[in-house]
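The values are calculated or read from the model by the stated rules, or taken from the named source; none is laboratory data. Given the structure is predicted, the values throughout are model-derived calculations rather than measurements. Neighbour counts are summed over all protein chains in view; Cβ atoms, including those assigned to glycine, are modelled from backbone coordinates with ideal geometry.
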């Protein structure tokens, strides 16, 4: 058992004991004739304490289970109705179950079990209201923290994306390639300028978005790859083959960051061209793979934020994580394709 599991178990035992002690003492408030002798007094205290534990702790676990299945934030009406049904179903079962235990195991008959059940349901509604209100508040608080976390991740993403594009190396290389094209082929130079403008426009337009369609991202990637091929020529080979999944979604700039990392960290030469493959695996995962031949001395320093930022955004948006694999001759990153509006 892990450390945190031990802590949770100790907390559960402690709260159960406190509820049992407090609940058993309430017998003095409503039953004057439950103390005719020692055996009856002991049974009354234990029975009342167990009743409180089953109603309070039991309904707390029922509430937690329903909240796990149906979120307060995603569907509050359904969660509220299921919460009421959970109380109505669990409470009578708990009361009658405890009464049957007392009658057939302890050999004590509970003659007014119906009155106890009705009273218990009334008390449990008050308890359930408190527990549901607490659950809603905790979920609301978690949503607020998650929103703040996403805001922070978006700020990092904006910074990283803009930095990757507007750093001196990229700007210098782009302008240098453009200068050569102006003298060699003015038509290609015009195309280069349009693609450069498209890249910068996409960066600015998507910096506030959590997700974009695969089709939108690939359109941007084509422009980005064209700019890089103007710099590296046939030494850079990029094959983009995803088909039929254009409606799926992923974080903006995710593919570009992976291509940028591959270009930044690997040798690109006529003897050793860089091959990058972008494809879809099993219709719900985008695979970006490049041959691995690391530079001895990288030309550009690495911030280390690109891949980690992609992982962090996926961790917030989905329960499906980013997969990273490194073999002797390849570097492979798998990005889940999401179904979100």
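Consider residue 270 carefully, then state whether it is at positive phi and either surrounded by 13 or more Cβ atoms within 10 Å (Cβ to Cβ) or in the same structural domain as residue 330 (by TED's automatic domain parsing) (or both). No. Entry remark, region 204-262: residues being touching a strand residue (DSSP E or B) at 6+ places or on another chain (Cβ under 8 Å) and in a helix (DSSP H, G or I) number 16 in total. Does region 73-89 include one or more residues that are buried (at least 17 other Cβ atoms within 10 Å of the Cβ), more than 26 Å from residue 142 (Cβ to Cβ), within 37 Å of the chain's Cα centre (by Cα) and modelled with pLDDT of 80 or more? No, region 73-89 has no match at all. Here is a check on your reading of the model: is residue 284 in contact (Cβ under 8 Å) with a residue 40 or more places away in the chain and exposed (fewer than 15 other Cβ atoms within 10 Å of the Cβ)? Spelling it out, residue 284 is indeed in contact (Cβ under 8 Å) with a residue 40 or more places away in the chain and exposed (fewer than 15 other Cβ atoms within 10 Å of the Cβ).
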